[in-house]
Each structure stands twice: as structure tokens, then as C-alpha cells.
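The values are calculated or read from the model by the stated rules, or taken from the named source; none is laboratory data. Please read these numbers as outputs of a predicted model, since none were measured by experiment. Cβ atoms come from the backbone with ideal geometry, glycine included; neighbour counts cover every protein chain shown.
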Amino acid sequence: MRTTRLLLRSGLTLAAAAALPTWLAGPSAAVTGISVSTIGTTVSVVTSACTQANGSWGNASLLNSGQTAFAQGRQVALAGTTVSQSAAWSGVSPGTYTVVVVCSNGGTAGTQSVIVSSAPAAPTTSSTTRSAAPSTTTRSAAPSRGVMGGLGGAARDYGPLTLGVGAALVGSGVIATGWYLRKRSKPYRL
């Protein structure tokens, strides 16, 4: 009987903890974000957060490290469908950039940093006279700064509400574990 009550209580606690993020976040905290990619000197962004208003989906802006405002960057109009919208910039010089997407309703769909490295070198072919078959060597330039490994949420920009809810869940899990272990360490009484 005691085991049944304990399982029932822990099941209710687990259900309440699972429902907590949904209850706290509500519909206004739903973030779809943006996805930024680079191929050579072309930077592209894709989002599904914008809705069309007055024939426009919104604009995307590519800001270099010295620019801070959306209007200062290279702006491109978003194109697409109700499923996804995209924009691209070509001929971008190597460096670190920030991509900002603002929907036609004025809301920001997301912000993400991206590193553009120098274009890879063209493949080179060399042959030797010692062997009958020519050998082909392909070389490409190494990335100048590597990947942004420290940004765990680089694909999506999580807000402070989401991070706070996660921290609260972890904290409540630690407290519940400590309470359970303390209760179990007491001598068993009938």
C-alpha cells in the first residue's frame, strides 16, 4: 500500500514538472528562430517565423562587426511561402557577421552570428615525369577561426524565460532528489 501511494505521488509530481514549462512559457514565448548558413562567400538565412503583410514577408540584414543597427547592414527582402522565408547575400568578404531578420509586422524573428572564411583555393593538378599516371592534388584553405563551438544554442536563440524555466526544473529536481535520499536514509519504522 505504501509503495502504491509513493508511486502515485511521484507520478503526479512528474506530471506537474512536465507541465510546468508549458504553463510558464504560454503561447507568447514560442520562438521559431532563424537558421543561417554559409557556402563560400554566400550567406543565407531561412526562417518560418514571418507572416506576409501588404505583400511583404519582411527584411534580413547582414551586419559586420562595426555595425550595431539593423538599418546599417546590407538589407535584403525575404522571399518565400507560408512555410519558409529566405534571403541571401553573395560576395561577402571574410569576417564575422550578425544576421538579423525582422518580419513585416515589426517583430524580430531572430539574430545569429556567422563566420565567413576565405573561399577555398581552386583544385590544382600536377603531374610527374617519373610515373606513367598523372597524380592529382586537391588543396583547400583551412578555416581561419574554426566553428563557433562555445555557442550551444547557435541554431536557435533561447530567451531568458526558457533558460529560467530550465534552471527551475533542474533546481527542483536536485531538491526533490535530496529530499528523497534524506527520507530514505532514516531508519525504517512500522
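Within the stretch 31-138, considering only strands (runs of 3 or more DSSP E) that don't extend past its boundaries, which have at least 2 residues that are modelled with pLDDT under 85 and either under 28 Å from P160 (Cα atoms) or of a type outside the set (K, R) (or both)? Steps first, answer last, please.
Details: elements: 34-39, 42-47, 58-64, 74-77, 85-89, 95-103, 108-116, 124-126, 135-137.
In the stretch 31-138, 124-126, 135-137 are the strands (runs of 3 or more DSSP E) which contain 2 or more residues that are modelled with pLDDT under 85 and either under 28 Å from P160 (Cα atoms) or of a type outside the set (K, R) (or both).
Filter the stretch 56-88 down to residues that are closer than 14 Å to G106 by Cα and among the small types (G, A, S) and give me whichever is surrounded by the most Cβ atoms within 10 Å (Cβ to Cβ). Steps first, answer last, please.
Pass one, the stretch 56-88, residues closer than 14 Å to G106 by Cα: 56-61, 70-71, 77-78.
Narrowing further to those that are among the small types (G, A, S): 56, 58, 60-61, 71, 77.
Details: S56: 14, G58: 23, A60: 31, S61: 23, A71: 9, A77: 12.
In this case the residue turns out to be A60.
Counting the residues of the stretch 45-58 that are more than 11 Å from Q85 (Cα to Cα) and in contact (Cβ under 8 Å) with a residue 12 or more places away in the chain gives 2.
For the stretch 139-190, filtered to residues that are modelled with pLDDT of 85 or more and hydroxyl-bearing (S, T, Y), the residue that is surrounded by the most Cβ atoms within 10 Å (Cβ to Cβ) is S172.
Screening the stretch 42-55 for residues that are polar (S, T, N, Q) and closer than 13 Å to G110 by Cα and picking the one that is surrounded by the fewest Cβ atoms within 10 Å (Cβ to Cβ) gives S48.
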